[in-house]
Amino acid sequence: MEEIKNEFTLETITKDILDRVLEIYDTNQEYFMLSMNEKPSMESVIEDMNSIPPESGFEKKNYSLIKLNGKDIGVIDYIVDYPDEDAIYIGLFMIDGRFHRNGWGKEFLKEFIPIIKSQGYKRIRLGVLDRNKIALEFWTNRGFMIVKEVISTIHPKRNWKVKVMEKTI
C-alpha cells in the first residue's frame, strides 16, 4: 500500500473567509470560555485579525488558516521580528477541536519551525493563559520554557495572567 504524505499549507485570512475561521473557533468553546468567558463570535475573529502587539506593524502580522491536504484544520496568528528581530511571536495557535489529540498541531510545528529557522529566526515566543493547563502541557512538551509571568496588556479589562514561553530554534 502506498503511503500518503500529509501536506500542510497556510492560507492568509482575509475578510471573505472569516466564516471559516469562526467555524474553527466554534470547535474550541473551552478556550473562549477560559479566555473571554463567552462563546467566540465574528467580532472575536475580527478582533484577532486586527490585533497587533505594541511596537509592531501589520506588515509583520501573519494570520492564517492551517490547511492539511487542502482541508482547514486550524488557525495560526504570528508576528515576525517580535519581540526582537531574531524572534517570532505566536499570538494564537488553534487546531479545530474535531482534530484534537490527533497529533496535527505537533506535526504542523515540525514543519513550521524549520521554515522559520531557515528564514533566520532563532526563537519562538508565545503567551499561554496561566489557567490553560492543556496549552501549557502542549507547549512544554514541545520544548518551550516559561521565561516570565505577566498580566497581559493586550486586553487589560480581561486581566489575563500569562505565562510567557520561549524556545530557541
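In the stretch 147-162, the residue that is surrounded by the fewest Cβ atoms within 10 Å (Cβ to Cβ) out of those that are under 17 Å from the mean Cα position of the chain (by Cα) and either among the hydrophobic types (A, V, I, L, M, F, W, C) or at pLDDT 95 or above (or both) is I154. Given the criteria of a type outside the set (F, W, Y), at pLDDT below 95, closer than 30 Å to D16 by Cα and loosely packed, with under 12 Cβ neighbours inside 10 Å, does N69 qualify? It is true that N69 is of a type outside the set (F, W, Y), at pLDDT below 95, closer than 30 Å to D16 by Cα and loosely packed, with under 12 Cβ neighbours inside 10 Å. Checked against the criterion of being among the small types (G, A, S) and in contact with a strand residue (DSSP E or B) (Cβ under 7 Å, 6 or more places away or on another chain), the candidates G120, G103, G97, G91 yield just one match: G91. Can you name every residue in the stretch 9-24 that is under 29 Å from D84 (Cα atoms) and within 15 Å of the chain's Cα centre (by Cα)? Across the stretch 9-24, the qualifying residues are T9, L10, E11, T12, I13, V21. Checking each residue in the stretch 30-63 for being assigned to a strand (DSSP E or B) and surrounded by 17 or more Cβ atoms within 10 Å (Cβ to Cβ) picks out K61, Y63.
In the set G103, G120, only one residue is more than 20 Å from F8 (Cα to Cα) and among the small types (G, A, S); that residue is G120.
The criterion of being open to solvent by 30 Å² or more (accessible area, probe 1.4 Å), among the β-branched types (V, I, T) and out of contact with any Gly (no Cβ under 6 Å at 6 or more places or on another chain) does not hold for I124.
Is it the case, given these coordinates, that D86 is surrounded by fewer than 17 Cβ atoms within 10 Å (Cβ to Cβ) and touching a Gly at 6+ places or on another chain (Cβ under 8 Å)?
yes
Contact map, the stretch 72-87: first residue closer than 14 Å to F58 by Cα, second residue β-branched (V, I, T) and open to solvent by less than 30 Å² (accessible area, probe 1.4 Å), Cβ cut-off under 6 Å, separation 6 or more or different chains; pairs are Y78/I88; Y78/I90; V80/I88.
The values are calculated or read from the model by the stated rules, or taken from the named source; none is laboratory data. Predicted model, so just to flag it, every value in this text is computed and none were measured. FYI the Cβ positions are ideal-geometry reconstructions off the backbone, even for glycines, and counts take in every protein chain you see. When the accessible area is computed, the model is the full protein with side chains, heavy atoms only, and any ligands, DNA or RNA have been set aside. Shrake-Rupley method; radii C 1.70, N 1.55, O 1.52, S 1.80 Å.
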